[in-house]
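Undergrad: Next up is a structure, given as structure tokens.
Rule-based calculations on the coordinates, nothing more; no lab input. Everything quoted here is computed from the prediction, not taken from an experiment. When we count neighbours, we look across all protein chains shown, and the Cβ atoms used for this are built from the backbone with ideal geometry, even at glycine.
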Amino acid sequence: MSERAKAKVSPKLFRRLLAEYGSERFFTVVATVIALATSFAGLLPAFFLRNAVNYLQDLFSAGQQAPPVIWPFAAAVLLAAAIQNLFYYAQTRTRTELSVRVTNKLRERIYAAVQRHSLTYHKKTTTGDLIARSTRDVRSVARFVSFAVFSTADLVVFLGGAIIILLWVDPVFALVALSPVPLATYLTARFGTRSRPMWKDASKSYGEVTAALQENIAGARVIRAFGQDQAQNREFAGRADNYVSKMMRVVEFWVVRVVGSNLIFSTVMPVSLVYGAYAAIQGSIGIGDIMLCFAYMRNVQQRLRHIVHYVEVFQSAAAGAERVFEILDEEPGIQSRPGATAMPPSPEGIGALVEFKGVSFGYEPEKPVLGDITFTAQPGQTIAIVGHTGSGKSTLISLIPRFYDATAGAILINGVDLRDISVRELRRSVGFIFQDTFLFSTSIRENIAYGRPGADFEAIQAAAQAARGHDFIMKLEHGYDTAVGERGMTLSGGQAQRIAIARAVLLDPKILVMDDATASVDSETERQIRQTMQQVSKGRTNFVIAHRISSVAHADHILVLEDGRIAEEGTHFELIARGGVYRRMYSQQFEDGPQLQENDDA
Amino acid sequence: MPDQDLEEHFARAHPSLSTFRRIFPFVRPYWRQLVICMVIEVAFVGLWALDPHFIKIAVDEFILQGVFKGAVYVAGLMALNSVLRAAMSAVQQLSLWRTGENTLNDVRKHLFAHIQHLSMNFFDREKQGHIIARVDRDVEFLGQLIIEAPILIVHTLSSMVVVGFILITYDWRLCVLVAALAPAVGAAAWASSKWGLPAYRSVRRSMSRMTANLVENVSGVHVVQAFGREEQNLSTYQTLLSEYKANTMVGAMVRGITFPGMMFVFGLANAAVIAYAAYGVPRGYVTIGEIPATIMYIGMIYGPIMMIAQMYDQFLAASAAAERVVQLMDSKPSITDKPGARDIPTIKGHIAFEHVHFKYDSDPHSPWILEDVSFDAKPGDIVALVGPTGSGKSSIVNLIPRFYEPQRGRITVDGHDIYQVKQKSLQDQIGVVLQENFLFTGTVMDNLKFGRPETTDEEAVAAAKALGSHHTIERLAQGYQTDARERGAAISHGERQLICFTRALIADPRILILDEATSSVDTDTEIAIQRALWKLMEGRTAFVVAHRLSTVRHASKIFVIQDGKIVESGTHHQLLALNRSYAGMFEEFMGHG
């Protein structure tokens, strides 16, 4: 996040930012015209009041005793107020609409890009970061236009208009009255810039306060178990006090200077009163003109207050725009080739023939994760993949639906290179059961139908039945309509697993891939899921990753991975007989390890 | 932010006296400063209201009479007035900020210390985010209630009084005219908050729906791509976007109508003053100088009214926040020491459960989580608890350090009823290693010393060596100095577990409780963990909630828990010989099932 502060508004970035408004050219023009008209209309009410006061002053100074005709003047004041406020209304609408149009378009494009980007991209980024780009950064881009552009235009038009009107009233009067404006403006801007790092510092130390709190609550149990509440209190109080002292340091810096520059600005009143009185006595201006000057200057001062934020808005908009464009510009990693074919048919009518030919892969080119993987999965076979954490098991199976592309070698499905098949077709032919069984915040029914949104209820139930989930689903209060996911009911690991299986089964995939999903369930659930998988795997080509030997013993073919290479392969019995890595893993899981012997007599 | 949080954020409540009474003690240390600020505010308003009057004097007494020198004196007075006001405002601002920040800081510290005393069931019940919001956002809101609101009210009231007084001295009819339109400003402002707030809320709601949708599709992007749902999802998101746009436009319309509405009342008042002046000046009711003065005064009293009306809703929201803060302050720890409770002497480790019944809620109809659990663990025993998920294994071990209290039955440690001794003296001697393996911000070394901050680095390393975690820790990116919470999960599950074991060994508890992690670690790490585990349990009474049977085979006692009851107990071999649940589970684990 710290790089946000550094971004400069480069002309190129600025042009690209403006180009975003290109598609809304008409609306941009309309909004701009209305905005300028609104600023101009803001000058009117005070001007008509001035006319009225001058008119009354002239009549009464001339000694008129009867009430004069005032209604045209009063009506002009009212009309000016009405016009100003009508424009204000139009401006609010058009500006908001323009900003929503542009930001929504950006958000939509970010969303589409995020979905399109390869998993390699998602591995590098965090959810929080992407969210920040779609919310905060898009907002700061919008703020740049609504605030920096429109507010600057407003200030320029209003201040310019006020200067012209005052010059027209009396040039010397205008110059005298406006004399403190440049200095006050400069000082305001300068103090704003100088205090910014201090504000940042203060808000950073506030961040430390909340971080301490957050951690304290997340670790509540550990803190109690270790009796560390006093130490935590001291830590928190220290951070909280630090924040207050940082905050007061800024406030002390800031208050004095803001008050100071306001004071400079407030000299407008006495200064213009002195010259105004002189000119009025000479008869060159009226009381109304003095009043007009006061009114305009008050409005200018209000607008100037915003300029403190200008630099900040520009910078955060530039940083925001950069981060937004970064997402949009990222090349989608994996796409269908032009002329990509449909899924080729299996030679044996069921499942698919999957061949890995010398496949190598690394998330980063210099760090290979898989090297020279070659094997063949016959249609209908179940291939089990075992190995230590980090040996490349999950990576290997992610290549099948093309979550990543191999860096060398080729993967053939039914004799056709994977990359020649349409990505969409391919992925819909591969049922993938992920290790983390991600469910969406919607009903069970919609979760199962995730890959086939229009699927009829019978098909959904059949899939749930095949995954042995139907019975527990029916026992839930709302059955298939029970909301699950982050904001719904919490399912046990085994239950979520079955829904994930049903979701994959509903696609009726030719290839079924299951990452070790049984790691976090108890032995009984694991056994049930194993049985379920055996049932749903019929008639497909299956790939299964597992940590427990018991889960893979029945596979047609077992690949033992070590450091990204196939160390051994064969059936369970072949591998046991071989006495290699697999055999060792088997012993560790099924026989008493020597390390435990010493406790036998305990 | 989920919808519910947002609703809470905007919840409104009328400030209640009892809430104020609870908050007031935090303001009391600073009441002098606060009173001084109020006094300054009144004086400030008084000086501020002089400016238009100076104009009137300059016009009537000097300009219209052709006396230039007098006007210069008046301008001098105005300049002096500005300087005075600036000085006052600087003093007041500083004092207000200091008072506000200090008061809020005291509240934060108080809340934090209070949270340390709350029992575990508080943390089960409340979402983390909600507790944080109390101390963070709600306290911030409190500032509006105790600082901004009083100042704004003092400002508005004193402006009304001072300006009203001055206008009456000009002409009572003029005063009535200005006062008569004031309610119109208030009404427009009120309408703005009345319509504006729901509009604003629905904008926030649709924004949070968009964010939630995006969050979900980013975290589940692998599923999205695997199931080819990109287009469908985009069109859902497009619907949310247009909903957001529609809501935003409603908000813009409300703002676009009500704000100009208020401004129009200003125009109306100005026109009325002009019209009145045309009749009033010839009759001698008002002077010419009073016209610009009155026009300036209109801004002075309508402005604050507009502000109060606009901020009214914020104040209500702040009151609701204050109430929530007070609620947290008043939440009592459900487990407290009995009067006259003493420290438990150094624990030997004899633990007995006698007919313990327990559930997490107090609903008389809900089923027991633990029902009539009785057992006896001798010092040095290693007790393993096995059974299906949800059977009550974790609940048993949660009762030993008094994280919760059973509804019936008794638990004794070395013969002392644990409800008759001081909670802290008990917890200090019990080490808990949890499934979640929570590490705190800081280095691995800091984490090792967590339970015993006075430990030296050498002692910590020695402990790690004794436990067999030294090499694992050394292999981390920066060894013992590795940042424990750095993103990117530089520390794996298994490593984390070893660090937590070492942390527990350094704390050197008399009773050890382990909630075994179920996550998948490879066999090598598993072996290292097992080895460390046995080392850690040596010489202590230990309870292990076991999910894998390989851990429990060597326990001195195994309890099989089912539906909150101990259904079998004995050693591994005894239970196998019994050939019931345990034997079945073991066989299944071995993969012969």
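Undergrad: Averaging sequence separations of C-alpha pairs under 8 Å and six or more residues apart, then dividing by the length of chain A, give the relative contact order as a whole percent. Write out the running numbers ahead of the final one.
TA: Values: 799 pairs, mean separation 87.7, N = 602.
For chain A, the relative contact order is 15 percent.
Undergrad: Using only alpha carbon pairs under 8 Å that are at least six residues apart, calculate the relative contact order of chain B and give it in whole percent.
TA: Values: 776 pairs, mean separation 92.9, N = 593.
For chain B, the relative contact order is 16 percent.
Undergrad: What is the packing order of peptides A:87-95, B:70-78, taking the mean over residues of other C-beta atoms within 10 Å and listing the highest first?
TA: A:87-95, B:70-78
Undergrad: Moving on. Which order results if B:242, B:235 are arranged by neighbouring Cβ count within 10 Å, fewest first? Each step should come with its number before you reach the end.
TA: Details: B:242 12, B:235 9.
Arranged by neighbour count, lowest to highest, B:242, B:235 become B:235, B:242.
Undergrad: Another question, if that's okay. Within straight cross-link reach of residue B:56, meaning Cα distance under 17 Å, which lysines are found once same-chain residues fewer than 8 apart are removed?
TA: The reachable lysines, counting only those whose Cα sits under 17 Å from residue B:56, are B:69.
Undergrad: In this model, which of B:127/B:338; B:338/B:465; A:204/B:449; A:204/B:422; B:348/B:393; A:204/B:127 are farther than 31 Å apart at the alpha-carbon? Could the numbers behind the result be given before it?
TA: Values: B:127/B:338 29 Å; B:338/B:465 41 Å; A:204/B:449 27 Å; A:204/B:422 39 Å; B:348/B:393 23 Å; A:204/B:127 25 Å.
Result: B:338/B:465; A:204/B:422 exceed 31 Å.
Undergrad: At 222 nm, what value in deg cm²/dmol follows for chain A if DSSP H runs of at least 4 each add -39500 (n - 2.57) and the sum is divided by all its residues, to the nearest 500?
TA: Working: 25 runs with 354 residues, N = 602.
About -19000 deg cm²/dmol.
Undergrad: Right, another one. Beta carbons within 10 angstrom, averaged per residue: use that to sort the peptides A:342-348, A:465-471, B:273-279, B:213-219, highest first. Walk me through the numbers on the way to the answer.
TA: Details: A:342-348: 14.6, A:465-471: 19.1, B:273-279: 22.9, B:213-219: 20.7.
Those peptides, ordered most packed to least, come out B:273-279, B:213-219, A:465-471, A:342-348.
Undergrad: Right, here's the next one. So, R0 is 60 Å and r is the distance between the beta-carbons of residue B:475 and residue A:299; what FRET efficiency does that work out to, to 0.05? Don't jump to the answer; show the numbers that get you there.
TA: Details: r = 67 Å, r/R0 = 1.12.
Working from the Cβ atoms, E equals 0.35.
Undergrad: Here's another thing I want to ask about it. How big is the dipole moment of the protein assembly as shown about its Cα centre under a simple scheme where the beta carbon of each Lys and Arg is +1, that of each Asp and Glu is -1, and everything else is neutral? Debye, nearest 20, please. Mind showing how you got there, number by number?
TA: Numbers: 118 positive and 117 negative charges, 660 e Å.
Once rounded to the nearest 20, the dipole reads 3160 debye.
Undergrad: Based on the alpha-carbon gyration tensor of region A:440-551 and its eigenvalue square roots a ≥ b ≥ c, which shape applies: rounded if a/c is under 1.5, prolate if not and a/b is larger than b/c, or oblate? If you can, show how the numbers build up before the last one.
TA: Values: a/c = 1.87, a/b = 1.27, b/c = 1.47.
Here region A:440-551 falls in the oblate category.
Undergrad: OK, next. Summarise the partner chain shielding of A:345-356 as one whole number: the mean count of Cβ atoms from other chains within 10 Å of each residue's Cβ.
TA: Details: counts 0, 0, 0, 0, 0, 0, 0, 0, 0, 0, 0, 0.
Other-chain Cβ atoms within 10 Å of each residue's Cβ, averaged: 0.
Undergrad: Would you mind giving the average projected area, over all directions, of the Cα convex hull of region A:270-318 in nm² with one decimal? Don't jump to the answer; show the numbers that get you there.
TA: Working: hull surface 16.9 nm².
The Cα convex hull of region A:270-318, projected and averaged over all directions, gives 4.2 nm².
Undergrad: Can I ask one more? Please report the net charge: other residues with Cβ closer than 15 Å to the Cβ of residue B:55, K and R +1, D and E -1. Walk me through the numbers before you get to the answer.
TA: Details: positive: A:50, A:298, B:56; negative: A:289, B:51, B:60, B:61, B:290.
The answer is -2.
Undergrad: Distance in nm between label sites at residue B:148 and residue A:565, each 7 Å beyond Cα in the beta-carbon direction?
TA: 6.7
Undergrad: What size of dipole, in debye to the nearest 20, comes out for region B:3-330 about its Cα centre when the only charges are +1 on Lys and Arg C-beta atoms and -1 on Asp and Glu C-beta atoms?
TA: Numbers: 26 positive and 25 negative charges, 72 e Å.
In total the dipole reaches around 340 debye.
Undergrad: Another question about this same structure. Let me know the charge dipole size of chain B about its Cα centre in debye, to the nearest 20, where only the beta-carbon of Lys, Arg (+1) and Asp, Glu (-1) is charged. Before the final figure, lay out the partial values.
TA: Values: 55 positive and 59 negative charges, 246 e Å.
Its charge dipole is roughly 1180 debye.
Undergrad: Run the numbers for residue A:436 and residue A:375: contour at 0.36 nm per residue of separation, minus the present Cα-Cα distance, in nm. Please report the intermediate quantities before stating the final value.
TA: Working: separation 61, 0.36 × 61 = 21.96 nm, distance 2.68 nm.
Fully extending the segment from residue A:436 to residue A:375 adds 19.3 nm.
Undergrad: In addition: Would you mind putting B:85-95, A:115-125 in packing order, based on average other-beta-carbon counts within 10 Å, highest first?
TA: On the way: B:85-95: 18.4, A:115-125: 16.7.
Taking the mean over residues of other Cβ atoms within 10 Å, the ranking is B:85-95, A:115-125.
Undergrad: Here's another thing I want to ask about it. Give the order of B:374, A:272 when sorted by the count of other beta carbons within 10 angstrom, beginning with the fewest.
TA: On the way: B:374 12, A:272 25.
So the ranking, lowest neighbour count to highest, is B:374, A:272.
Undergrad: Then there's this: Got a sec? How would B:56, B:127, B:424 order by Cβ neighbour count within 10 Å, fewest to most?
TA: Starting with the residue having the fewest Cβ neighbours, the order is B:127, B:424, B:56.
Undergrad: If the convex hull of the alpha-carbon atoms of region B:398-456 is projected onto planes in all directions, what is the mean projected area in square nanometres? If you can, show how the numbers build up before the last one.
TA: Numbers: hull surface 22.2 nm².
Spelled out: convex hull of the Cα atoms, projected over all directions, averaged, 5.6 nm².
Undergrad: In terms of Cα to Cα distance under 17 Å, which aspartates and glutamates are near enough to residue B:359, apart from those fewer than 8 places away along the same chain?
TA: B:124, B:371, B:372, B:405, B:563
Undergrad: With a cut-off of 8 Å between alpha carbons and a minimum separation of six or more residues, what is the relative contact order of region A:169-308 in percent? Working shown, then result.
TA: Details: 87 pairs, mean separation 64.6, N = 140.
Answer for region A:169-308 is 46 percent.
Undergrad: Starting from the Cα-Cα distance between residue A:241 and residue A:65, subtract it from 0.36 nm times their residue separation and give me the gain in nm to one decimal. Each step should come with its number before you reach the end.
TA: Values: separation 176, 0.36 × 176 = 63.36 nm, distance 6.94 nm.
Length gained, residue A:241 through residue A:65: 56.4 nm.
Undergrad: Over the whole of A:69-82, what's the average partner chain Cβ count within 10 Å per residue? Rounded to a whole number, please. Walk me through the intermediate numbers first.
TA: Numbers: counts 1, 7, 4, 0, 4, 10, 3, 2, 9, 8, 2, 3, 10, 4.
Mean partner-chain Cβ count within 10 Å for A:69-82: 5.
Undergrad: Which of the aspartates and glutamates could a cross-linker bridge to residue A:246, judged by Cα under 13 Å and excluding same-chain residues fewer than eight apart?
TA: The reachable aspartates and glutamates, counting only those whose Cα sits under 13 Å from residue A:246, are A:201, A:208, B:101.
Undergrad: How shielded is A:524-534 by partner chains, expressed as the average number of their Cβ atoms within 10 Å of its Cβ atoms?
TA: On the way: counts 7, 2, 3, 4, 0, 0, 2, 1, 0, 0, 0.
The mean count of partner-chain Cβ atoms within 10 Å per residue comes to 2.
Undergrad: How much length, in nm to one decimal, is gained on full extension between residue B:366 and residue B:24, taken as 0.36 nm per residue of separation minus their Cα-Cα distance?
TA: On the way: separation 342, 0.36 × 342 = 123.12 nm, distance 4.12 nm.
Going from the current span to full extension adds 119.0 nm.
Undergrad: Pop a pseudo-label 7 angstrom from the Cα along the beta-carbon direction at both residue A:331 and residue A:405 and give the gap in nm to one decimal.
TA: Placing both labels 7 Å beyond Cα along the Cβ direction yields 0.8 nm.
Undergrad: Can I ask one more? At 7 Å along the Cα-to-beta-carbon direction for both residue A:109 and residue A:127, put a label point, then send me their distance in nm to one decimal.
TA: Spacing of the two 7 Å Cα→Cβ label points: 2.7 nm.
Undergrad: Residue B:84 to residue A:233: FRET efficiency via 1/(1 + (r/R0)^6), r the Cβ-Cβ distance, R0 56 Å, to the nearest 0.05? Each step should come with its number before you reach the end.
TA: Numbers: r = 45 Å, r/R0 = 0.81.
FRET efficiency, residue B:84 to residue A:233: 0.80.
Undergrad: Continuing with this model, one more query. In degrees from 0 to 90, rounded to the nearest 10, what is the angle of the helix A:71-116 Cα long axis to the longest principal axis of chain A?
TA: Once rounded, the angle reads 20 degrees.
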